[in-house]
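Inspection log for the structure reproduced underneath, given as structure tokens.
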Amino acid sequence: MDIFKLPNLPYEYNALEPYIDEATMKVHHDKHHAAYVEKLNAAIEGRDEYAKKSIDDILKNTAAIDENIRQSVINNGGGHANHSFFWQIMTPKSDKSPSGKLMDALNKTFSSFTKFKESFSQVALTRFGSGWAWLSLDKDKLVIESTPNQDTPLSSGKTPLFCLDVWEHAYYLKYQNRRADYIEAFWNVVNWKKIEELFEKS
Ligand code: MN3
């Protein structure tokens, strides 16, 4: 039996047009994300102890994963966790900027929302090869970082608030090699309401 399941997108495939196109969303969710789930399930097959935890909880303590499947769980479990999270922090009804406590904290940490966007975009742009850009909480501090492959800030004890997939599969159909244009477009579909919720909960 499959322990982990591919979640549905919280909106239609074409909902993020024109910023993120329908064809990309289809292949990204139905093929790439689905493959991570399938390979994760294959890696943990017959190991019931992995059914008792969420994928996020498993990735918070990678040292506890059986050594012979550890890298597969980090890669494919990370792929499942990261994409599940990524779909949630986007919306066709973006407010374009946060408000309340999150806006205050971003202003305080990065001196302005514009500066925060610049720093995050720069980190996303300069991630070499495949990976992710993140805004996370490290204890009480907001931090921007990038991770290679499907690594997650959960594994270094942080709480992710927001992320951007910068693997080529996330943008190549529409933007080809223009990662900067994809990053610029992404700011139009950020689900700040969801991110504020996560921030206030943590
Ligand atoms: Mn991806």
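The values are calculated or read from the model by the stated rules, or taken from the named source; none is laboratory data. Predicted, not measured: the structure shown is a model, and the values here were computed from it. Quick reminder, even Gly has a Cβ in these numbers, built from the backbone with ideal geometry, and neighbours come from all protein chains shown.
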Filtered residues of segment 79-103 (kept if more than 16 Å from residue 3 (Cβ to Cβ), among the small types (Gly, Ala, Ser) and part of a helix (DSSP H, G or I)): 100
Breaking point among (1) assigned to a helix (DSSP H, G or I); (2) in contact with a Phe, Trp or Tyr (Cβ under 8 Å, 6 or more places away or on another chain), for residue 34: (2)
Every residue from segment 62-92 that is touching a residue at least 40 places away in the same chain (Cβ under 8 Å) and more than 16 Å from the ligand (Cβ to nearest atom): 62, 91, 92
Near pairs, Cβ below 8 angstrom, 6+ apart or cross-chain, from segment 20-47 (free of Cβ contacts under 8 Å to residues at least 60 places away in the same chain and under 19 Å from residue 70 (Cα atoms)) to any residue that is within 11 Å of the ligand (Cβ to nearest atom) and not in a helix (DSSP H, G or I): none
Criterion violated by residue 109 - all others in (1) part of a helix (DSSP H, G or I); (2) among the hydroxyl-bearing types (Ser, Thr, Tyr); (3) under 25 Å from residue 24 (Cα atoms); (4) touching a strand residue (DSSP E or B) at 6+ places or on another chain (Cβ under 7 Å) satisfied: (3)
Qualifying residue in segment 102-114 (condition: at pLDDT below 95 and of a type outside the set (Val, Ile, Thr)): no
Residue in segment 124-138 that is polar (S, T, N, Q), under 23 Å from residue 201 (Cβ atoms), out of contact with any His (no Cβ under 9 Å at 6 or more places or on another chain) and within 16 Å of the ligand (Cβ to nearest atom) present: no
Selected residue (criterion: nearest to the ligand (Cβ to nearest atom)) from residues of segment 143-184 that are among the aliphatic types (A, V, I, L, M) and over 16 Å from the mean Cα position of the chain (by Cα): 173
Test: residue 54 is in contact (Cβ under 8 Å) with a residue 12 or more places away in the chain and either more than 16 Å from the ligand (Cβ to nearest atom) or closer than 30 Å to residue 184 by Cα (or both): no
Single residue of segment 7-34 satisfying the filter (within 11 Å of the ligand (Cβ to nearest atom) and of a type outside the set (A, V, I, L, M, F, W, C)) that is surrounded by the most Cβ atoms within 10 Å (Cβ to Cβ): 28
Lone qualifier among 75, 82 - being crowded, with 20+ Cβ neighbours inside 10 Å and under 14 Å from the mean Cα position of the chain (by Cα): 82
